[in-house]
Structure formats: structure tokens, C-alpha cells
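This report concerns only the one structure given below.
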Amino acid sequence: MYSFLKLAVISVLATANFLALTAPAVFAEDKTGLIDDCRYADDAAAQKAWRTMGGTAPAAAVTLDSRKSLRLPCNFAGTTHERASWDRKVKLDLVPCQGIQFKVFCKNPAPISHFSVYFQSGSGWYSTGFFPEAAGWSTVTINKASTRSEGTPAGWGNIETIRISAWRGRNEDTELCLSDLRMTGVLGVDASIAVVRGESLTRSRPGEAKSADQFAETVTQNLAALGIGCSMISDLDLTAERLVKAKLVILPHNSSMPDSATDALIKFLNGGGKLLAFYGLPARLRFAVKIENGAHIKAKHPGQFSTIRFADGALSGAPELVGQRSWNITEAKLAPGTGRVLAEWLDDKGQPTGHAAVVASDNCIVMTHVLLNDDAVNKRRMLLAMVGHLEPDLWWQTTNAGIARIGCIGSCKTFDEAAALITKTAKGNRKAKAALESARKLRDAAVALGVKEKYVEASEKAAAATQRLSEAFCIAQQPLRGEFRAFWCHSAFGVEGMEWDEAIKRLADNGFTAIFPNMLWGGVAFYNSKLLPVARDLAEKGDQIAKCLAACKKYGVQIHVWKVNWNTGHRVPAEFIERMRREGRLQASSKGKEEPWLCPSHPENQKLEIASMVEVARDYDVDGIHFDYIRYPDGDHCFCDGCRERFAKAAGVEIKDWPKDALGKGPLRQQWLDWRRGNITAVVKAVSEQARAAKPKIKISAAVFRNWATDRDGVGQDWKLWCDQGWLDFVCPMDYTESDRQFDSWIALQKDWVGKTPVYPGIGVSSSGSRLGADRTIGQIQITRRHDTKGFIIFNYGVTEAKDLVPMLGLGITAKR
């Protein structure tokens, strides 16, 4: 192909050529996909187009670095509004694209907690966050699959308003400049794949809607990582006309869809289109691809569906083994003589289960579960092999992109830049030097194979080079003596497939100093509690605090037992919830809707929260106890009848209009906020005092929302006060973001708020809002060191983290040296 021949002529190592050839189109200076170039003639024109909300300063036209742009002033000094917002009225059909891009400039983001972008559609909104990554102009890409829905949107084909919001972090003024707002991932322009998001499930199966969104985002993120452009289309908007320029359609999790969408897909398939589906097929599509759904099979035990094994030569470019710990599958059955099984499921002992994992017909590949994020390297190779099999023309594009990405590690954009950084950081480390040289040879081999148009082999070498370069990068890092290094572990049973002994040993061997296991909730305990209902699993699996504690003592790792406060949890016995309901101890929204959280103002709930945490401190030789969810669910809780009565009595007021008097601009609003905040604080104070009385050396800590300035009112979490009063020994803000600049900005704010109390920032390696590989995790650890926090904590300690991330970090930045 031309790209490889050109590369061979110029230089085998000219990565810039790959980047130039494979970067997604952003429609530089033309009008393709343009929404608003933001180049207004004057302030009046800018203000006519962009309307302000609630006390926000008006937009203005400005020229910055010779670029005409839109100035959006964030006036937080001397004001009280929690965000600055600007609305742009539009009439947009964003169905045929993956999302939007725009250029942004924010010299001083410190006063901003975070930015949001909203898309109004009918009686609802789509929204997501962003943060400028550079001090100069940077490009922000908004993926539709990463947005969440509010209200009832009318679909991406009916966008009426675009809103940009900057949320207050500090009471200081700053500004944001915006330009070149346009679509990206447009079929026929910079994308040939359509990913169908199951938005119809919001109406037909609300319980599955969140999962449909999540797995659509997983697919689009992995395609982006492979350098493959795609469009994301809602099944509510899908038509045959919209698929005319698509070559491949992907169904990430679409158990059902509207008849109109099915009709469009059948027409697409009949016209020669190809389909890749995960977790089964909607009924009417099965005949068109000659693959039937079989039984829905739930794993009989954790690890039954643990690994996907491809048959030798079954799918070109696929790795033999792909780790994926699935909890159930939907069998796929082929019509006789119409297709073949490409891969089977193995259990966690490497034994065949007798169930197909991947099957293929002439025009379709089906994987029998959704695409998960574990074993990311092999998962992307598998996805690439599937896509390349169905649309072979993508192989040369992805191979180019794969070779170009070999140097994209940490903050580096090219191989030479990465090599220079590793050489400098390694300080003569021979292992790092050897790994770097190995990566260079693998990269050269990938390029040579690409020149020969051996794209599958070239991609495999590029993947190997990327992995080796990552190892070199990790080996080159330096550990910091005396650093607090911890993991939250959301499962009370630890890492799936491991005993606590093995899981803790892995942490200790790789330099981690603490584990925070989630052992109790508002309504269930995973130890032998005398106060909370005990999880039924303990009869078989035993006291989990005792097991984790024994391993921690054995390997010298601290244990800080984590409690989810107020939230009763999904494992809570039904009889406990029913008793709480009868006793009026559950929360209610302002509209009276019940929430399965304990009401923080109820005296018996406060006693239970306090006593259960003190019970752990008293009965187990743990190093610490850890608050989480030590707040209200949101600003709309709790408005139960008990709250009304207790608030009126405590404030000495007569409530004339409940709950209106305590909402918005109601006359009792401030008293209400102070009172509800006090309910949470009372528990923190009591636990701190009583636990220390029971065990003087115990450490008290809390996982908290990141923006104290707004969250003290929004969710009643006044964690600055808790630090000021000495009730916490350290605090762990959940600073989950993929933006290093945003992470840095948050820590700067938090250091000011905590005073002398240590702050150990939470790094979101596998949170709902962020996914970080080893290099990005290292980058955020380095930011905590620049702020001299002397520690950090990572979410979450699961299978991927234990097997892949922890050993990579242990090569250098957390190494025991």
C-alpha cells in the first residue's frame, strides 16, 4: 500500500508519516461537519448566539494566537452561582457521527472543578465532562457513547441546544476560549463502522439501559485505541439510509431493538453489509445471518467462563488466549453447514466448558458475551481480528495506526520521544535499556512487514513492541521511600479467583503498603457482626475481615476496613429492608420516592452506623476504618416524614410548605443545608472519638467527593471540617479522571482544604468514569509526588489490576528497593 511504500522510501523510523496518514479527520479549515467556527464579528454577535444562564458573564468575540474564537468568562469571584453556563441554540442531526470535537484554550483552569457539555433533545439532555489537557490550544473530543441521559431525550437526530458549563472550584475568575465546533466520526468521511447504541432499552428494559450504554462505550473506546474511526448511532435513529456509507455494523449489547432498526439492519445485510454482535442477536436478525440464540447460561461458579481460546488458524490475527471473566453467556447456534465456531470458553483452570465463545457465518461474527475491559492488550487484538475479518480493507489502516502508537506512552507522542524519556528516567538501568532495545527491534520488524503488506503479522509485531516499550517505561521509574500506596477493593471476597493470601502477597511483592477492603454496608456485613445482618456467603466462605487480616499480618500490609455508609447494598436481606421501611428509617426524595439508603437524621440509623464501625475497630486488630458514601445520595435527599419533623424541631421553625420551603430559594434553605450536613458530621465525629477510645492507634479516614466547596451543600459532605477538627487521620478524594491536568488541578485545591491532614488522592484506574493503563497510572502517581502528598490510593483491586497492573507498577514506581 502507498503508506508503507512511502514510509520505506523516506525512513523506516519515520513515525510521523504513520501519524499523518492515520489520524482521524478533523476537517481542518473546510466546512464538512462544521457546527460553529466561533469566529464572530463582534461581542454582540457572540452574545446573540450564546445565551448565558443564572448570573454568568456574557460571551465575547476575541482573537487569541491569531485565531478568532469565542471567549467564555467564568465569573466566580464575588458571585454565588455554582457554574457558569452558555447555551447555543441549534438544529442538528448528530445521528451519523461518533461525536463532536472542538478546540479549547484555558490558561488557568485552577478555579474550575470540571467542565460539562450538554446536548438538549426534546424533553431531555445528553451530557458528559471534559477538561483542557494543555496550557495552550487543545482539541477536545466528545464521544456520544460516553454521554449519559437526563430526562427523556428525543434522540441524537433532534439536538436543539448545546450547553457548555464550567463548574466552580475556587472563588476566582478565569476564562475559556472555544473554536471550531464540529462533528467527528462521520460515516463515509472518517468512519466506515457504525456502532449501534441500545437507547430503546431506556423505554422497554430500563434495568439494562445503563449496561447498554457502558458496553457501547467500551467498544468505541477500543476501536479508537486501535485507530479505527466509527460512528455511534442510537437504535431509535437507525435507518437504512443512515447505513448507506457503513461497511460494518457493531451491536455491543442490543438484546432487543425497535422493528424499524431491525428492518434497517436486514436491508443493510442483504445489500452486502457485515455485522459483529456481542451477547446475542435480536430475534428478527437471526435468519439474516444464519445464527440463532441458544440458552442463557449463568456461570455455576466464579471463573467458569474465564478465557476465550481461539482454534488454531480460525481467525487471522487473533491471539490464542484472551482473558475475559464473564458471569454468563447467551449461546450462539449455527445453522448446519452455514458457519463455524472460532473460539471456545475455558474455565479458570484452563479446561474447556463445552460452550462456544465466538462463532461466525458468512456475514456475521457473534461473541456470546459483552466485550469487557480485562486483558486489554489481547482484547484489542481480538477485536481487531474480528473487524479485519469482516472488513479486510481496515487492516492496512489499523496496522499503520498500531505502529504509530508504539511511542504513545505517558505524555510521549512518538517512539523517539518515548525512547529519550525512558533513557533519561532509567538513569543507567540496564534492564530498562534492554527492554527499550527489544522494543526498537520489534518496531523495526513491524514496519518491515507492513512494507511487504503483511498486515496481520505487522500488527502482531507492533503489539509486541508496544508491550515491550511499556515494560521499559515501567522499569525506568523510581520508587519513593516511605510512600503510602494503597488499593480500594470493592469486593469483600477480594480478587476473583484468588484467596486473600495470594492477593495480598501480590501487593506486598510489588511495594504496596495498604488494602482497603469493602467489608460492610448500611445493611449487610461480611464478617461476624453482632449488629448488622451477616451475608449468607459467610456460612461457606468464612469471616472475610479475619481472612484478609491474617494475610495482611503475614505480608506486612496495612488493612483499613472500608464501610459503605447509609447505602444498604445489593446484598442486603429483604427482611432488613422491610423492617427499615416499617420503622420509617429509609430515605425519600422531595417527591416522596423511596431510596434504599438509611436516613441520616434518624437516631437509630446514626447509632447503627457508629456502632458497626466501632465494632470493627474494637473486635479486629485492623490498622484503620474507612468511611465511604458518608453523604446523602444527591441534593434531593432526604425528605422523609421523619426528616420534616426532626428538622422543624432542631431548627425551631414552623414549616408551612414542605418540601418547597427547604428547596431552591425556599425561606428555610440555608437552615436545611446546615442541618442535613450536621447529620453526616455527627456520625464522623462519634466514630472518630469512639474508635480511638477503643483503639488509640487506629487510623480514621474517608473516601470523599472531590469538590468540597460544592459537595458540602450538594451531598452534605463537609470533609474540610472533618480534617480541621482532627476527626480524620487522612482523606482520600475520589479524583477519578483520565485528564492529568484536571487531576493536578483537583489536588491543588484539595491540598488547600485539608490543612495539615494528609490527603491521599484516589486514582481511577477502573472506575466508571476513567480507565487508565500502567503508563497513565504512573503519570498520576508522579503528579501526587509533585504535590508532596506522600501517598495515593487506586480504585479498584480486581483481576486485571492484580494480574497486569500491579506487576507493571512493581517493576519501578512502587518497587521494593
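The values are calculated or read from the model by the stated rules, or taken from the named source; none is laboratory data. Bear in mind that the values here come from a model prediction, so they are computed numbers and not experimental data. Using ideal geometry, Cβ is built from the backbone for each residue, glycine included, and neighbour counts are taken over all protein chains shown. Heavy atoms of the whole protein, side chains included, go into the accessibility calculation; ligands, DNA and RNA do not. Shrake-Rupley method; radii C 1.70, N 1.55, O 1.52, S 1.80 Å.
Give me the residue from the stretch 629-645 that is open to solvent by less than 60 Å² (accessible area, probe 1.4 Å) and either touching a Leu at 6+ places or on another chain (Cβ under 6 Å) or not in a loop (DSSP other than H, G, I, E, B) (or both) and, out of that set, farthest from TRP708 (Cα to Cα).
Checked the stretch 629-645; the qualifying residue farthest from TRP708 (Cα to Cα) is GLY642.
Across the stretch 36-52, which residue is nearest to SER165 (Cα to Cα) among those that are part of a loop (DSSP other than H, G, I, E, B) and in contact (Cβ under 8 Å) with a residue 40 or more places away in the chain?
The initial filter retains those residues of the stretch 36-52 that are part of a loop (DSSP other than H, G, I, E, B), namely 37-42.
Add one more test, that the residue is in contact (Cβ under 8 Å) with a residue 40 or more places away in the chain, and what stays is 37-39.
Working: ASP37: 19, CYS38: 16, ARG39: 20 Å.
Filtering the stretch 36-52 for residues that are part of a loop (DSSP other than H, G, I, E, B) and in contact (Cβ under 8 Å) with a residue 40 or more places away in the chain, the one nearest to SER165 (Cα to Cα) comes out as CYS38.
Give just the number: which of (1) more than 14 Å from HIS560 (Cα to Cα); (2) open to solvent by 10 Å² or more (accessible area, probe 1.4 Å); (3) not acidic (Asp, Glu) does HIS490 not satisfy?
Among (1) more than 14 Å from HIS560 (Cα to Cα); (2) open to solvent by 10 Å² or more (accessible area, probe 1.4 Å); (3) not acidic (Asp, Glu), HIS490 violates only (1).
Every residue, every condition in (1) of a type outside the set (Phe, Trp, Tyr); (2) part of a helix (DSSP H, G or I); (3) within 24 Å of the chain's Cα centre (by Cα), yes or no:
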site	(1), (2), (3)
LEU480	yes, no, no
PHE493	no, no, yes
MET498	yes, no, no
ASP501	yes, yes, no
ILE504	yes, yes, no
ILE515	yes, no, yes
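Please find, within the stretch 514-548, the residue that is modelled with the lowest pLDDT out of those that are small (Gly, Ala, Ser) and open to solvent by 30 Å² or more (accessible area, probe 1.4 Å).
Taking the stretch 514-548 as the starting set, the residues that turn out to be small (Gly, Ala, Ser) are 514, 522-523, 525, 529, 535, 539, 542, 546.
Remaining after also requiring open to solvent by 30 Å² or more (accessible area, probe 1.4 Å): 539, 546.
Numbers: ALA539: 93, ALA546: 98.
Going through the qualifying residues, I end up with ALA539.
Anything in the stretch 264-319 that is more than 20 Å from THR239 (Cβ to Cβ), open to solvent by 20 Å² or more (accessible area, probe 1.4 Å) and assigned to a strand (DSSP E or B)? List them, or say none.
GLU292, ASN293, GLY294, ALA295, HIS296, ILE297, LYS298, THR307, ARG309 - these are the residues of the stretch 264-319 that are more than 20 Å from THR239 (Cβ to Cβ), open to solvent by 20 Å² or more (accessible area, probe 1.4 Å) and assigned to a strand (DSSP E or B).
So that you can scan it fast, the table gives a plain yes or no per residue for (1) open to solvent by 40 Å² or more (accessible area, probe 1.4 Å); (2) among the small types (Gly, Ala, Ser); (3) at pLDDT 90 or above:
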{"site": "ALA23", "(1), (2), (3)": "yes, yes, no"}
{"site": "MET53", "(1), (2), (3)": "yes, no, yes"}
{"site": "ALA57", "(1), (2), (3)": "no, yes, yes"}
{"site": "LEU70", "(1), (2), (3)": "no, no, yes"}
{"site": "ASN75", "(1), (2), (3)": "no, no, yes"}
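Scan the stretch 773-788 and give yes if some residue there is more than 24 Å from the chain's Cα centre (by Cα), among the aliphatic types (A, V, I, L, M) and open to solvent by less than 20 Å² (accessible area, probe 1.4 Å), otherwise no.
No; the residues of the stretch 773-788 include none that is more than 24 Å from the chain's Cα centre (by Cα), among the aliphatic types (A, V, I, L, M) and open to solvent by less than 20 Å² (accessible area, probe 1.4 Å).
Quick test of your reading of the structure: PRO733 fulfils all but one of (1) open to solvent by less than 10 Å² (accessible area, probe 1.4 Å); (2) without any contact (Cβ under 8 Å) to a residue 40 or more places away in the chain; (3) within 22 Å of ALA617 (Cβ to Cβ). Name the failing condition by number.
Status for PRO733: all satisfied but (3).
Inspect all residues belonging to the stretch 674-692 and state whether any of them is in a loop (DSSP other than H, G, I, E, B), open to solvent by less than 30 Å² (accessible area, probe 1.4 Å) and in contact (Cβ under 8 Å) with a residue 24 or more places away in the chain. Before you say what the answer is, go through the steps one by one.
To start, the set of residues in the stretch 674-692 that are in a loop (DSSP other than H, G, I, E, B) comprises none.
Within the stretch 674-692, none of the residues are in a loop (DSSP other than H, G, I, E, B), open to solvent by less than 30 Å² (accessible area, probe 1.4 Å) and in contact (Cβ under 8 Å) with a residue 24 or more places away in the chain.
Determine whether the stretch 504-513 contains at least one residue that is at pLDDT 95 or above, at positive phi and touching a strand residue (DSSP E or B) at 6+ places or on another chain (Cβ under 7 Å).
In the first step, residues of the stretch 504-513 are kept if they are at pLDDT 95 or above; the result is 504-513.
Those still in the list that are at positive phi too: 511.
Narrowing further to those that are touching a strand residue (DSSP E or B) at 6+ places or on another chain (Cβ under 7 Å): 511.
Scanning the stretch 504-513 turns up at least one residue that is at pLDDT 95 or above, at positive phi and touching a strand residue (DSSP E or B) at 6+ places or on another chain (Cβ under 7 Å).
Here's the yes/no breakdown for (1) hydrophobic (A, V, I, L, M, F, W, C); (2) closer than 27 Å to VAL377 by Cβ:
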residue: ALA748; (1), (2): yes, no
residue: VAL754; (1), (2): yes, no
residue: THR757; (1), (2): no, no
residue: SER770; (1), (2): no, yes
residue: LEU805; (1), (2): yes, yes
residue: ALA815; (1), (2): yes, yes
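Can you tell me which residue is nearest to the chain's Cα centre (by Cα) among those in the stretch 236-264 that are in contact (Cβ under 8 Å) with a residue 60 or more places away in the chain and under 13 Å from ASN363 (Cβ atoms)?
LEU248
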